[in-house]
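Below is one structure; the comments refer to it alone.
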Amino acid sequence: MPATDPAHADAIRWLRLSSCVLPLAQPISDAKVLTGRQKPMTEIVMLFVEVESRDGHRGLGLSYAKRAGGPGQFAHAREIAPALLDEDPNDIARLWTKLCWAGASVGRSGLSAQAIGAFDVALYDMKARRAGLSLAKLLGAQRDAVRCYNTSGGFLHTPTAQLLANAQASRERGIGGIKLKVGQPDGRLDLERVAAVRKHLGDDAPLMVDANQQWSRPTAQRMCRALERFDLVWIEEPLDAYDHEGHAALCAALDTPIATGEMLTSALEHAELIRHRAADYLMPDAPRVGGITPFLKIAALAEHAGLMLAPHFAMELHVHLAATYPSEPWVEHFDWLEPLFEERLEIRDGRMLVPTRPGLGLTLSEQARRWTRETAEFGQRP
């Protein structure tokens, strides 16, 4: 059968894995650092998967780790990658399951799922490119632009004066919302920073806060009540990521929506959070839960539960996924990953435009190649 026949089965012939260490411009501190649980973040370790089929179709996928886990993701990906050779790249759900079973002894969530996620994203990218569609269009886009908010300018290491300047610069760039980190040991400092930004931006600017899981239940109750007066879009991760009952109690007690979910590492964990009604805004992270395949399951559960959606980090991927959600979502703007790709996302009037280029619309930059610490190849390029 000729290779141009769209009905014939293609086959994966070549894979390349790359572990790329992205240095941050300065050490990043949030509440986890101020409470002594983590050290400032200085780099992000990316896992890239490049795949090519017998018929010449290509795909690019990604996953990532912050502070720790990057070498482990790469090692697991290297072990399971041969399982994809000679498989039909269009059978994405089946191949996700095959990779899951290839590493079943280390579980179906966490680091193992995050390694699988890079392959999964690459196969979806390939399928969309083959169809000549953006990933959002392939999945069924609901909109061509998504509300966006900025986080990178609001970390706790940033002095208040610089915080105000960063917020103003983000708004002038066209970014819709501003998120601030909170969760300092002295909650009064948090309230002062939030009050300063609210006063500076005015009452109409969308404003969010993120405690990064650092409050106890009593502290969360007090702080969330004190924050109600600022008319926030949401209060993010006031409690431990797995404290579903505590988050559910806050959802029931407050007017301000509660957002959580970014630290969960599987569709099953998200299903439990949703079952407990523990969020108003669900914040799944596609690479962290194992790729697009489980992300779509999570989004379907969230839609049925009537939740709002705000995917975490990796805007280059999540702008496509958020564009498919029926209710108006948010996507998180971080410019940290921009040096890794040749292309740039466009922002206009508070919204991030969904790229129209085929697939993710991304090409690895020469800088990404220079930052690559380790590679592994499997099969032969057609």
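The values are calculated or read from the model by the stated rules, or taken from the named source; none is laboratory data. Predicted, not measured: the structure shown is a model, and the values here were computed from it. As a convention, Cβ positions derive from the backbone with ideal geometry for all residues, glycine included, and neighbour counts pool all protein chains shown.
Is there a residue being hydroxyl-bearing (Ser, Thr, Tyr), in contact (Cβ under 8 Å) with a residue 60 or more places away in the chain and under 17 Å from GLU236 (Cα atoms) anywhere in the range 158-172? There is no residue in the range 158-172 that is hydroxyl-bearing (Ser, Thr, Tyr), in contact (Cβ under 8 Å) with a residue 60 or more places away in the chain and under 17 Å from GLU236 (Cα atoms).
Which of the numbered conditions does PHE155 fail, given that it passes all the others? Conditions: (1) under 18 Å from the mean Cα position of the chain (by Cα); (2) within 19 Å of GLU237 (Cβ to Cβ); (3) modelled with pLDDT of 95 or more. With respect to (1) under 18 Å from the mean Cα position of the chain (by Cα); (2) within 19 Å of GLU237 (Cβ to Cβ); (3) modelled with pLDDT of 95 or more, PHE155 is out only on (3). Just to be sure, is GLU328 in contact with a strand residue (DSSP E or B) (Cβ under 7 Å, 6 or more places away or on another chain), of a type in the set (Asp, Glu) and either closer than 25 Å to LEU232 by Cα or assigned to a loop (DSSP other than H, G, I, E, B) (or both)? Considered against the rule, which asks whether it is in contact with a strand residue (DSSP E or B) (Cβ under 7 Å, 6 or more places away or on another chain), of a type in the set (Asp, Glu) and either closer than 25 Å to LEU232 by Cα or assigned to a loop (DSSP other than H, G, I, E, B) (or both), GLU328 comes out as yes.
Within the range 177-193, take every residue that is in contact (Cβ under 8 Å) with a residue 60 or more places away in the chain and over 18 Å from the mean Cα position of the chain (by Cα) and give me the one that is farthest from LEU353 (Cα to Cα). Before you say what the answer is, go through the steps one by one.
Of the residues in the range 177-193, the ones in contact (Cβ under 8 Å) with a residue 60 or more places away in the chain are 177, 179, 181-185.
With over 18 Å from the mean Cα position of the chain (by Cα) added as a condition, the list becomes 182-185.
Details: VAL182: 29, GLY183: 32, GLN184: 34, PRO185: 38 Å.
So, considering only residues that are in contact (Cβ under 8 Å) with a residue 60 or more places away in the chain and over 18 Å from the mean Cα position of the chain (by Cα), the one farthest from LEU353 (Cα to Cα) is PRO185.
Quick one: what pairs do we get from the range 133-156, first residue over 16 Å from ILE347 (Cα atoms), second surrounded by 21 or more Cβ atoms within 10 Å (Cβ to Cβ) and acidic (Asp, Glu), C-beta under 6 Å, 6+ apart or different chains? Pairs that qualify, where the first residue is over 16 Å from ILE347 (Cα atoms) and the partner is surrounded by 21 or more Cβ atoms within 10 Å (Cβ to Cβ) and acidic (Asp, Glu), are PHE155/ASP30; LEU156/ASP30. With respect to (1) buried (at least 21 other Cβ atoms within 10 Å of the Cβ); (2) under 22 Å from ASP285 (Cα atoms), the lone exception for THR97 is condition (1).
With respect to the conditions (1) surrounded by fewer than 18 Cβ atoms within 10 Å (Cβ to Cβ); (2) at positive phi; (3) in contact with a Phe, Trp or Tyr (Cβ under 9 Å, 6 or more places away or on another chain), GLY183 falls short on a single one, namely (1). For beta carbons closer than 9 Å, sequence separation of 6+ or different chains, a first residue in the range 54-78 that is surrounded by fewer than 17 Cβ atoms within 10 Å (Cβ to Cβ) and a second that is at pLDDT below 95 and among the aromatic types (Phe, Trp, Tyr), the qualifying pairs are LYS66/PHE313.
Residue by residue through the range 340-362, note down the ones that are touching a residue at least 60 places away in the same chain (Cβ under 8 Å), exposed (fewer than 14 other Cβ atoms within 10 Å of the Cβ) and outside any strand (DSSP E or B). Even if it seems obvious, please write down each step before you answer.
Of all residues in the range 340-362, those touching a residue at least 60 places away in the same chain (Cβ under 8 Å) come to 340, 347-362.
When the remaining residues are screened for being exposed (fewer than 14 other Cβ atoms within 10 Å of the Cβ), the result is 348-349, 356.
Within the range 340-362, ASP349, THR356 meet the criteria.
Check ALA169, ALA196 and return the single one that is within 22 Å of GLN26 (Cα to Cα), surrounded by fewer than 17 Cβ atoms within 10 Å (Cβ to Cβ), more than 19 Å from the chain's Cα centre (by Cα) and not acidic (Asp, Glu). Before you say what the answer is, go through the steps one by one.
Working: ALA196 fails: within 22 Å of GLN26 (Cα to Cα).
Being within 22 Å of GLN26 (Cα to Cα), surrounded by fewer than 17 Cβ atoms within 10 Å (Cβ to Cβ), more than 19 Å from the chain's Cα centre (by Cα) and not acidic (Asp, Glu) holds for just one of ALA169, ALA196, which is ALA169.
Checked against the criterion of being touching a Lys or Arg at 6+ places or on another chain (Cβ under 6 Å), in a helix (DSSP H, G or I) and either closer than 19 Å to PRO329 by Cα or in the same structural domain as TYR242 (by TED's automatic domain parsing) (or both), the range 272-293 contains not a single residue that satisfies it.
Among the listed residues GLY72, GLY56, which satisfies the condition of being of a type outside the set (D, E, K, R), touching a helix residue (DSSP H, G or I) at 6+ places or on another chain (Cβ under 6 Å), farther than 21 Å from PHE295 by Cβ and not in a strand (DSSP E or B)? So that I can check it myself, show each step before the final result.
Numbers: GLY56 fails: touching a helix residue (DSSP H, G or I) at 6+ places or on another chain (Cβ under 6 Å).
Result: GLY72 is the single residue among GLY72, GLY56 that is of a type outside the set (D, E, K, R), touching a helix residue (DSSP H, G or I) at 6+ places or on another chain (Cβ under 6 Å), farther than 21 Å from PHE295 by Cβ and not in a strand (DSSP E or B).
ARG373 falls short on exactly one of the conditions (1) part of a strand (DSSP E or B); (2) in contact with a Lys or Arg (Cβ under 8 Å, 6 or more places away or on another chain), and that condition is (2). Does GLU366 satisfy being among the charged types (D, E, K, R) and within 13 Å of MET46 (Cβ to Cβ)? Here the answer is no, as GLU366 does not meet what is asked.
I'd like the full set of residues that are assigned to a helix (DSSP H, G or I) and surrounded by fewer than 22 Cβ atoms within 10 Å (Cβ to Cβ), limited to the range 239-264.
Of all residues in the range 239-264, those assigned to a helix (DSSP H, G or I) come to 244-253.
Passing the criteria: HIS244, GLU245, GLY246, ALA248, ALA249, CYS251, ALA252, ALA253.
Inspection of the range 64-77 identifies at least one residue that is among the charged types (D, E, K, R) and either under 30 Å from GLN184 (Cβ atoms) or outside the structural domain of ARG373 (by TED's automatic domain parsing) (or both).
Exactly one residue out of LEU47, LEU24, LEU62 is outside any loop (DSSP other than H, G, I, E, B), under 30 Å from ARG193 (Cα atoms), under 18 Å from the mean Cα position of the chain (by Cα) and not aromatic (Phe, Trp, Tyr): that is LEU24. Taken together, THR324, THR256 contain a single residue that is more than 18 Å from MET352 (Cβ to Cβ), touching a helix residue (DSSP H, G or I) at 6+ places or on another chain (Cβ under 9 Å), hydroxyl-bearing (Ser, Thr, Tyr) and modelled with pLDDT of 95 or more, which is THR256.
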